[in-house]
Amino acid sequence: MGISRHFFSRREFAKTTLAASVAAMTGSLAGCALSMGSQAAGVVAAPGRRIRTGVIGCGSVSNQYLPVLTQSPYVEVVSVCDIRPERARDQAAKLGVAHHYPHIDAMLAGEPFEFLVDLTDMQEHEHLNRQALEAGKHVWSEKPIANSLAAGQELLRMARGKQLRLWGAPITVQSPQFALMARTLAAGSLGRVAAAHADYGHEGPDWAPFFYRKGGGSLPDLAVYNLTTLTGLLGPVKHVTAMLSIVTPHRDIVGAGRIEVTEEDNAMVLMDHGDGVISHVQSGFNYFNPHGHDGSGEQRHTISIIGTAGFMGLVGYDWLPLGVDIATHDQPQLARQATDPQGYTWQQGAALAAECLATGRELLATPEHALHVLEIITAARESSATGRRVALSSTFDRPVVG
């Protein structure tokens with residue numbers, strides 16, 4: 001397949017960080033909290049047991065997830081699955097996975113496992129996650145968990161009823177940079193917080209059409225990271241106002257030719273967190289960046305938070321954070337902190353979830369948070385279509401970091 005360099009540079013760069021991610025999982029991972037979260041715990045495996053895992057979706061993202069999973073002391077990958085059987089076969093052969101399947105039905109009827117990692121096209125997540133839960137499997141899903149808030153909440157109710165676990169990407173709240181930002185806000189160092197801004201974009205993928213079709217778009221693919229980070233720091237959103245557009249109405253996709261773009265490739269989302277706090281996220285598939293999309297060369301603040309007594313900016317992308325700059329009335333010169341990733345990588349979420357199943361520790365990332373972000377996305381689309389400010393109904397408990 002012809003892979004667009006500007007889009008896959010994140011995946012390419014991640015190869016250099018997989019060793020750090022694997023190393024972080026040889027002991028007790030910093031991303032897990034000792035107390036149980038808001039989701040029902042279900043039956044927790046005995047400490048140290050390896051979790052029998054099946055992975056569905058053997059495309060590009062699996063190239064980042066599978067090395068972490070197969071080297072985690074908490075995971076035993078027993079099967080892989082893809083509707084393109086050759087991709088599942090090739091991944092199984094490369095990584096020494098004993099079983100591979102062409103369809104989820106065959107996978108669920110085949111080699112027994114307890115934990116499904118869903119890396120398929122985003123439009124497929126909802127029905128595959130439901131099928132796995134119905135079959136009694138814990139689920140880690142790439143974003144989004146479902147195609148609507150109501151469907152996602154039903155999946156979570158199903159999981160709880162069956163004493164199963166359900167998680168969803170992204171895991172930006174697990175990074176040490178997020179932890180520093182959360183502690184800084186909790187300490188009141190910025191004074192009364194007023195506003196925040198975040199942005200993430202690139203020139204758009206050319207390797208698959210699903211990004212531009214119903215259920216795709218720059219909001220669930222790109223803005224989801226910033227939305228997760230800002231809501232994790234500032235709390236749930238009360239109201240959303242948004243403007244969305246399509247800048248490039250047709251795209252040339254490898255293997256599919258020229259396609260029509262039906263979902264937003266340009267988005268501006270304004271969020272009211274209550275108590276006077278307003279934040280803004282922009283995302284798009286039309287963003288040129290002189291640094292490319294490597295992430296390691298990005299030195300600007302992609303997330304910034306401003307208060308009456310200080311400023312805080314995240315250096316680099318929140319999926320690959322490089323540090324946090326802070327300035328206050330007392331120390332007005334920007335000072336960079338939290339430059340050590342401490343093993344954090346964006347692709348380790350499923351392995352962290354497996355550790356939680358094996359040890360009883362909890363992720364800071366929760367399904368309630370992921371579903372709140374999904375509601376923001378659907379509210380943004382409603383707001384853009386109607387010109388109205390849209391109220392949200394979901395909420396979540398903010399991550400508590402030490």
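All of (1) over 18 Å from P321 (Cα atoms); (2) within 18 Å of the chain's Cα centre (by Cα); (3) at pLDDT below 95; (4) not hydroxyl-bearing (S, T, Y) hold for D206 with one exception: (2).
If the requirement is being under 23 Å from Y74 (Cα atoms), in the same structural domain as G161 (by TED's automatic domain parsing) and of a type in the set (D, E), which of these qualifies: D118, D105? Outline the logic, then answer.
Values: D105 fails: under 23 Å from Y74 (Cα atoms).
The match here is D118.
Residues that are among the polar types (S, T, N, Q) and touching a helix residue (DSSP H, G or I) at 6+ places or on another chain (Cβ under 9 Å) within region 367-402 comprise T378, S393, S394, T395, listed in sequence order.
Please work out if D275 is in the same structural domain as V224 (by TED's automatic domain parsing), at positive phi and either modelled with pLDDT under 95 or acidic (D, E) (or both). Steps first, please.
Details: in the same structural domain as V224 (by TED's automatic domain parsing): yes; at positive phi: yes; either modelled with pLDDT under 95 or acidic (D, E) (or both): yes.
Yes; evaluated as a whole, the condition is true for this residue.
Looking for something over 21 Å from R398 (Cα atoms) and among the hydrophobic types (A, V, I, L, M, F, W, C) - is there at least one such residue anywhere in region 279-290? Steps first, answer last, please.
Of region 279-290, the ones over 21 Å from R398 (Cα atoms) are 282-290.
Narrowing the set further to residues that are among the hydrophobic types (A, V, I, L, M, F, W, C) leaves 285, 288.
Within region 279-290, one or more residues are over 21 Å from R398 (Cα atoms) and among the hydrophobic types (A, V, I, L, M, F, W, C).
In region 272-298, of all residues being among the hydroxyl-bearing types (S, T, Y) and over 16 Å from A391 (Cα atoms), the one that is surrounded by the most Cβ atoms within 10 Å (Cβ to Cβ) corresponds to S283. Of the residues contained in region 138-146, none is found to be in a helix (DSSP H, G or I) and in contact with a helix residue (DSSP H, G or I) (Cβ under 6 Å, 6 or more places away or on another chain). Within region 299-314, being buried (at least 16 other Cβ atoms within 10 Å of the Cβ) and without any contact (Cβ under 8 Å) to a residue 24 or more places away in the chain holds for one residue alone: G313. Meeting the requirement of 1 or more residues that are under 23 Å from Y317 (Cα atoms), the strands (runs of 3 or more DSSP E) wholly within region 215-292 are 239-245, 266-274, 277-284.
Return a yes/no flag: does region 243-266 have any residue that is buried (at least 19 other Cβ atoms within 10 Å of the Cβ), touching a strand residue (DSSP E or B) at 6+ places or on another chain (Cβ under 7 Å) and of a type in the set (G, A, S). No: region 243-266 contains no residue that is buried (at least 19 other Cβ atoms within 10 Å of the Cβ), touching a strand residue (DSSP E or B) at 6+ places or on another chain (Cβ under 7 Å) and of a type in the set (G, A, S). Remark: pairs (first residue in region 242-263, not assigned by TED's automatic domain parsing to the domain that holds A208; second residue surrounded by fewer than 19 Cβ atoms within 10 Å (Cβ to Cβ) and among the aromatic types (F, W, Y); Cβ separation under 7 Å; 6+ apart in sequence or on different chains) are absent.
The values are calculated or read from the model by the stated rules, or taken from the named source; none is laboratory data. No experiment lies behind these values; they were computed from the predicted model shown. No Cβ is skipped: glycine too gets one built from the backbone with ideal geometry, and neighbour counts run over all protein chains shown.
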